[in-house]
Amino acid sequence: MNYLKAVLIENDKKTIQFFNEIIENYSAIVTVVSVNSTLKEALNLIVQERPDCIIMNCNKQNYEAIEQLKKMQIVIPKFIFMSGEPSDACVAFKYNAIDFLLKPLELNLLIIAFYKVMRYREMELAYQNSKVIQVNTTEEENKMEDVIAISSSDKINLVKIIDIIFLKAEGAYTIIQLKDGTKIFSSKNLGEYKQTLPQKSFFRIHHSYVINVKELYKIIKKDGTYCEFINGIVLPVAKRRQDEFFKFMRL
């Protein structure tokens, strides 16, 4: 468990002495990097030191300085407020206090407040890490969706999915037609590719054909239904697949 860096905003000598004793006896938990009379005086130091928490009194000056602190380009430290008046707790929690301590301070309650800060810090780090993992996973999945591996008898071709116009069944094999006119013969059958390719852009129009609908030039509805591509190739849509195809194309 890492210790906390704290800034103490206090001008009462007894309270400062109380904190000095804590620093001496609980250095594994907390270290106070600065003691100032007002939060405003400590703003520049807070930007430099990036403390985990600020311990301060409930008063108007400190509340105003919090608003200044929020405008700075730093992660806002956690706040532990102190006061001799229980009613000040309401205002303290409006400023997102992690804890409110009633003066005169009690050691056990202060240590609990420090542990609360630690817990919040751990939760935030865990959340940030989970988001990083989620973003990295999504990016990796997107990368994998951009390229497809096409196995032939003697090699594996890595092909950009956007370059595929259609795939044609050739017995137990598959022919992949690319935009540049290249044909790649694969040892996998057409059904396997249908399961691998993005469902939102590839549709099986026929027992023998899976097409990339993004490459369609026009749909011909005369003596049947046909798909024409920009390179002039025309492929038939099987009669039993026409209704499903029109729904897929939102026609």
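If only residues of the stretch 202-218 that are under 14 Å from Ala238 (Cβ atoms) and hydrophobic (A, V, I, L, M, F, W, C) are counted, the one that is farthest from the chain's Cα centre (by Cα) is Ile205. The criterion of being in a strand (DSSP E or B) and over 23 Å from Arg250 (Cα atoms) holds for Ile184.
Can you find even one residue in the stretch 87-105 that is in a strand (DSSP E or B), open to solvent by 50 Å² or more (accessible area, probe 1.4 Å) and closer than 18 Å to Asn11 by Cα?
At the first step, the residues of the stretch 87-105 found to be in a strand (DSSP E or B) are 97-102.
From the residues that got through so far, the ones that are open to solvent by 50 Å² or more (accessible area, probe 1.4 Å) too are 102.
Retained after the next criterion (residues that are closer than 18 Å to Asn11 by Cα): 102.
Yes, because at least one residue in the stretch 87-105 is in a strand (DSSP E or B), open to solvent by 50 Å² or more (accessible area, probe 1.4 Å) and closer than 18 Å to Asn11 by Cα.
Taking strands (runs of 3 or more DSSP E) that do not extend beyond the stretch 28-85, which have at least 3 residues that are over 20 Å from Tyr115 (Cβ atoms) and at pLDDT below 95?
Filter on the stretch 28-85 gives 30-36.
Each row is one residue, and each column tells you yes or no for (1) closer than 23 Å to Ile156 by Cβ; (2) not in a loop (DSSP other than H, G, I, E, B).
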site: Thr174; (1), (2): yes, yes
site: Cys227; (1), (2): no, yes
site: Gly232; (1), (2): no, no
site: Pro236; (1), (2): no, yes
site: Phe245; (1), (2): no, yes
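Confirm whether Ser130 is among the small types (Gly, Ala, Ser), modelled with pLDDT under 90, out of contact with any His (no Cβ under 6 Å at 6 or more places or on another chain) and farther than 27 Å from Asn231 by Cβ. Yes, satisfied.
Looking at this structure, is Ile156 over 23 Å from the mean Cα position of the chain (by Cα) and modelled with pLDDT under 85? Yes; evaluated as a whole, the condition is true for this residue. Looking across the stretch 166-186, just one residue is among the small types (Gly, Ala, Ser), surrounded by 13 or more Cβ atoms within 10 Å (Cβ to Cβ) and modelled with pLDDT under 90, and that is Ser186. Taking first residues from the stretch 8-36 that are in contact (Cβ under 8 Å) with a residue 60 or more places away in the chain and partners that are assigned to a strand (DSSP E or B) and open to solvent by less than 50 Å² (accessible area, probe 1.4 Å), the Cβ contacts under 6 Å between residues at least 6 apart in sequence or on separate chains come to Val30/Leu4; Val30/Ala6.
Looking at the stretch 68-89, can you tell me whether even one residue there is closer than 16 Å to Leu43 by Cβ, of a type in the set (Gly, Ala, Ser) and in contact (Cβ under 8 Å) with a residue 12 or more places away in the chain? No, there is no match, as no residue in the stretch 68-89 is closer than 16 Å to Leu43 by Cβ, of a type in the set (Gly, Ala, Ser) and in contact (Cβ under 8 Å) with a residue 12 or more places away in the chain.
Let's see how each residue does on (1) farther than 18 Å from Asn96 by Cα; (2) surrounded by fewer than 17 Cβ atoms within 10 Å (Cβ to Cβ); (3) touching a Cys at 6+ places or on another chain (Cβ under 7 Å); (4) not polar (S, T, N, Q):
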position	(1), (2), (3), (4)
Tyr3	yes, yes, no, yes
Glu10	yes, no, no, yes
Gln17	yes, yes, no, no
Asn20	yes, yes, no, no
Ala28	yes, yes, no, yes
Ala42	yes, no, no, yes
Leu45	yes, yes, no, yes
Met56	no, no, no, yes
Gln61	no, yes, no, no
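Any residue that is more than 21 Å from Tyr226 (Cβ to Cβ), of a type outside the set (Ser, Thr, Tyr) and over 32 Å from the mean Cα position of the chain (by Cα) - is there at least one of those in the stretch 163-171? Yes, that holds for at least one residue.
On the given criteria, is Ala65 under 25 Å from Glu124 (Cα atoms), of a type in the set (Gly, Ala, Ser), surrounded by 14 or more Cβ atoms within 10 Å (Cβ to Cβ) and in contact with a strand residue (DSSP E or B) (Cβ under 7 Å, 6 or more places away or on another chain)? Against the criterion (under 25 Å from Glu124 (Cα atoms), of a type in the set (Gly, Ala, Ser), surrounded by 14 or more Cβ atoms within 10 Å (Cβ to Cβ) and in contact with a strand residue (DSSP E or B) (Cβ under 7 Å, 6 or more places away or on another chain)), Ala65 does not qualify.
The values are calculated or read from the model by the stated rules, or taken from the named source; none is laboratory data. Here the structure is a predicted model, which is why all the values come from computation and not from measurement. No Cβ is skipped: glycine too gets one built from the backbone with ideal geometry, and neighbour counts run over all protein chains shown. The accessibility values were calculated without ligands, DNA or RNA, using every heavy atom of the protein model including side chains. Shrake-Rupley method; radii C 1.70, N 1.55, O 1.52, S 1.80 Å.
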